[in-house]
Structure formats: structure tokens, C-alpha cells
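Step one of this worksheet: look at the structure below.
The values are calculated or read from the model by the stated rules, or taken from the named source; none is laboratory data. Note that the structure is a prediction, hence the values are computed from the model and not measured. Methodologically, a virtual Cβ is constructed for each residue, glycine included, from the backbone with ideal geometry; neighbour enumeration extends over all protein chains shown.
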């Protein structure tokens, strides 16, 4: 199984090397982006397979080749100088190590219900040419929500096609690898908040490790039993930190866009949040460009995120053209529930997951009021962007629960712990940023408060 | 002590609380199966998955590839599992009249799949 996993990860991450280097250069973060970007290639292959026809395997090969050819020219123009300070290499090793510890659970964790009913059933459908399109029209598969975005099922299906068998254990390992890479990527990105100031950069290492461990802690068993929630939440949170918290820059923008694409290609709520985050990133960069004396370049911070949001519509378009209903859900509410009742029940359930919100909010307010010069000196985005992302994410999630026809108490009981991973990760990221700013707060001038100290 | 003014003390307090939040979040990264409840849940899931794999093997030997099947099993779980296990080699239909075979699951003391047995009835 170890050999099969390694081969699968090579087939999924290998074709992503050149495109990732073209986007972020020879930075250590490139290592953490290989698997997620490989998943995007698998997503594109699944989309073409459904839209145009043909098998997933051939489409994956064609699109992987096309992506690499398209990346050659930008890569040659940009060059690939290795840009890795000793601290950055240590940070990479720390987040990878931190992501490895919770994987001990794989020794005993079993496949979850949704892993079988949704993600791996989708992977089964993708392994047969035409099978997925047939399922879109077949009510027998309504319980499986075949319109859900395909990043993880497509990646698993690529591995199954490679090995000629549909092993659920292999699927579990692959999905867990995606979850781990997303958690490590989040830790890395939060570590970048600590910049490179020598007198503070050491704090990036333990904080980044704690963020990675917190991601696994919040996700609980869903991190290793085949569920897609941690990958969706961590990539969305990474997009927020990279695009709205870190100092504006080309690499941060590229990481934000790639992560938003991954989130939007994994789950429906990820699609909604990815679109919202990309819009906020575009707004932040556009405001900065407007205030800048420099004439906006053609690929400005406004147009790049918006253009990159277009591919998010690929899968929804493909399934819609085949008659798939994007918001189809199973109907099992025996008694109609009023909107007010659903709203109150949803609000209580979500609030019950956000225990850290009051404390983090107070800390954030204190930090913003007292130490905003430190934040400005570090060139970090205003905490308002993160809080706006948080509010929009919670609002979108609430809207999905209120508008859906599934019996609300059952639905919340079986999912709210997973669907709130994203907002809870944002609170963790804000706490990590607060540590950075508090550590950077200017010291008061030294003064002698013991006038008789010297006699 | 003389150099720790109120501003510095507040910065230390904020840092401590924020780090405590990170530690609290990270503390539950312990693999769930280390708790008794987590281990029991994992055991139940493992048993269920083994049962499903056993039923899938019966399905592959009892129904020829490419045939159409209708799942008539009662209970949401078995309906979903049989549909999943039939994919992609068999064609699943919701209309029993159009199916070559009807699929159901029954409990038997002699059932080799942890007390369960697949029932395949020609349509």
C-alpha cells in the first residue's frame, strides 16, 4: 500500500511541478502546493470528461501535458532561482512534521459514511467513461449529490485508474494526504505573517506548528476518515491569510488564488466561500492600486483574482448542461419547518461551535486600537478583511442550512462540526496574527521609576 | 519591574491569551482513537466496512457485469451501500420492472458477512 500511495502522489503531484514553479518560483511553499494543484488538474480532467466525453485518464494526461507546456514560457522568463532562507526551510520542515503527527490516526481510523456515499462513489463513477453523466440523470444516485465539485473524487479516480483497482484504503490515504498538505500550507502561510525580521522570526516556527495541529484538532476524525471538509476549510482559510492578511505581493496573490480554486473545486460551500474570498482579494488589491501612484499593470491585483474565479464555474456549468441540479438535496423533512425555526436552530448550533469567538474578537479589537502602527509597519492587511471573510462565511453557511429542505436538527447534528471548520480556522489564524502584532508592539521608552535607586 | 509599563504588560497579556488559544486548538490534535469512545467508533466502522466488502464480493459473483439492478432493500444505509457497490460495473435503476435483478440484504444466522447475506432475485 505504501508503494501504491507513493506512486499515486507522484502521478498527482508530479505534473504540477512546472506550473507551480512558474506561479510561485523556487520558494519552499512550492512543495506544499504540488498536491493541491495536481488536484486542480484532476478537476479539469473530470470537468472535460463530463462536458465533452471521454475517459478521465486520457483527459488527465492531456491536460497535465498542456499545463506544463503553457508554464514553460513564463518559467523561462521568470527563472527559478532558489529562494529559501534557512528559516524558510526550517518552517517547511516544521509544518510538514506537524502535519505528520496526527496521521498516526490512520493506523486505526475507518472510512466515514460520507466518504463512501459521496466522494468515493463519485470516484467510482469517474473511473467509467460516461458513468458520471449517466448518474446525473439517474435518481438512484440523488443521495450521493453527483453535482458536488470533483477535486477529491477525481484525484482518487486517477490513482485507481493507475493501479487498476478501486481500493478504499488507498482512497483514504490519498484524501488524508490532501488534508495534510492543506493544513501544512495553512501553517506555512500563517508563518509568513512573521516575515523575516530576525528578532521575531523564531516565533513563526512554533506558531505555524500550532496552527497545523489546531487544523487537525478542529477537524477531528474527519481529517483521516475520507471526508473533504478539512481540505476545503484549510485551503479557504489559506486564501484568506495569503490574499487578505499578508503584505500584498505576487506570491501571496498566487497562493491565495490557487487555494481558492482548490476550495471551490472540492465542496459547494467551498465554492461559495472561494468566490467571496476572491472578490475580497480583488477589492483589497484594487483599493491599494487606486491609492498607489504607480499606474496599474495589465495583470493588476483586481483583474487577476476575478479572472481566476472564472474556472470555478467550469464544473457547475458542465453538470448543469447535463441536467444536474446544483442545489439538489434529498427531501426527508416529514413536517415542514418554518424559516424562523430553522434560522434559530442553525444560529444556536453554529454559535455552539464558535466558543473562541468572544475572546478572539476582544483581542482583535484591543490589538487594532492600540497597535495599529505595528500592523501598518508589518504591511499586514487590516483585520477587518479577515472578520469580513468570517462574517460572510458564517452567513453563507447559515443560508445553506436555512434554505435546505433536510430536517434541520438531523442535518446540523451530523454536519455542523465539519461545516464550521473554516470559521474556526479563521479564529485560529487571527490569534496567530495577534501574537505577531503584540510581539512587534513598540516598547515604551525606558525610565527610572525608582528615583532613590542610586541613593 | 520598573521597565514593565502598562503598555508592555498588556502586550504580554494579549500574547499569552492568544498563545493559549492556539494551544487549546492544537491540544485536540491527538488522534481520536486514543479515547475509548473514539476506539469503539472506529471498531464499529471497521466492522461495517468489512461487512460491505463481503457483500460486494457476493454481488460480483452473483450478478454478471453490465446487468441492470434495482435496489429494493429497506433502510437508507443498505439502499445507498448496494447502489455504491453496484457502481460502476452494473446499471442501477429505481424501477424494479426494468431491472434484470433485484437486490436486497437479509440477516441470517448463517450469513457469512457478519450475519448478513445478499439476496439476488431475477427481475
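Numbers for the structure displayed
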{"read-out": "Test: residue in the stretch B:30-37 that is touching a residue at least 12 places away in the same chain (Cβ under 8 Å), surrounded by fewer than 20 Cβ atoms within 10 Å (Cβ to Cβ) and part of a loop (DSSP other than H, G, I, E, B)", "value": "no"}
{"read-out": "Yes/no for residue A:224 being closer than 29 Å to residue A:156 by Cα, over 13 Å from the mean Cα position of the chain (by Cα) and either free of Cβ contacts under 8 Å to residues at least 24 places away in the same chain or surrounded by fewer than 24 Cβ atoms within 10 Å (Cβ to Cβ) (or both)", "value": "no"}
{"read-out": "Criterion: modelled with pLDDT of 90 or more and either more than 22 Å from the chain's Cα centre (by Cα) or farther than 30 Å from residue A:50 by Cβ (or both) - qualifying residue of A:397, A:344", "value": "A:344"}
{"read-out": "Qualifying residue in the stretch A:139-149 (condition: part of a loop (DSSP other than H, G, I, E, B), more than 12 Å from chain B (Cβ to nearest Cβ) and farther than 30 Å from residue A:28 by Cα)", "value": "yes"}
{"read-out": "Qualifying residue in the stretch A:232-253 (condition: within 12 Å of chain B (Cβ to nearest Cβ) and either over 22 Å from residue A:354 (Cα atoms) or surrounded by 24 or more Cβ atoms within 10 Å (Cβ to Cβ) (or both))", "value": "no"}
{"read-out": "Which numbered condition residue A:74 fails, given (1) touching a helix residue (DSSP H, G or I) at 6+ places or on another chain (Cβ under 7 Å); (2) modelled with pLDDT under 95; (3) surrounded by 15 or more Cβ atoms within 10 Å (Cβ to Cβ); (4) in a helix (DSSP H, G or I)", "value": "(3)"}
{"read-out": "Single condition residue A:128 does not satisfy, out of (1) under 28 Å from residue A:313 (Cβ atoms); (2) touching a helix residue (DSSP H, G or I) at 6+ places or on another chain (Cβ under 7 Å); (3) part of a loop (DSSP other than H, G, I, E, B)", "value": "(2)"}
{"read-out": "Filter result for residue B:4 (over 25 Å from residue A:113 (Cα atoms), at pLDDT below 90 and loosely packed, with under 14 Cβ neighbours inside 10 Å)", "value": "yes"}
{"read-out": "Residues of the stretch A:348-360 that turn out to be without any contact (Cβ under 8 Å) to a residue 24 or more places away in the chain and closer than 15 Å to residue A:435 by Cα, as a count", "value": "1"}
{"read-out": "Set A:130, A:97: member being over 21 Å from the mean Cα position of the chain (by Cα), over 27 Å from residue B:45 (Cβ atoms) and in contact (Cβ under 8 Å) with a residue 60 or more places away in the chain", "value": "A:130"}
{"read-out": "Filter pass, residue B:77 being closer than 28 Å to residue A:223 by Cβ, in contact with a strand residue (DSSP E or B) (Cβ under 7 Å, 6 or more places away or on another chain) and within 11 Å of another protein chain (Cβ to nearest Cβ)", "value": "no"}
{"read-out": "Residue match in the stretch A:55-63 (condition: away from every other protein chain (no Cβ under 14 Å), surrounded by fewer than 16 Cβ atoms within 10 Å (Cβ to Cβ) and in contact with a helix residue (DSSP H, G or I) (Cβ under 6 Å, 6 or more places away or on another chain))", "value": "no"}
{"read-out": "Residue, farthest from the other protein chains (Cβ to nearest Cβ), within the stretch A:99-114, restricted to residues that are outside any loop (DSSP other than H, G, I, E, B) and buried (at least 23 other Cβ atoms within 10 Å of the Cβ)", "value": "A:99"}
{"read-out": "Candidates B:19, B:12, filtered to the one that is more than 7 Å from chain A (Cβ to nearest Cβ) and either modelled with pLDDT of 90 or more or assigned to a loop (DSSP other than H, G, I, E, B) (or both)", "value": "B:12"}
{"read-out": "Residue among B:64, B:88 that is part of a loop (DSSP other than H, G, I, E, B), surrounded by 17 or more Cβ atoms within 10 Å (Cβ to Cβ) and at pLDDT 85 or above", "value": "B:88"}
{"read-out": "Flag if residue A:89 is under 24 Å from the mean Cα position of the chain (by Cα) and part of a helix (DSSP H, G or I)", "value": "yes"}
{"read-out": "Selection count, the stretch B:93-109, where residues are facing chain A (nearest Cβ under 8 Å) and either closer than 16 Å to residue A:120 by Cβ or in a loop (DSSP other than H, G, I, E, B) (or both)", "value": "1"}
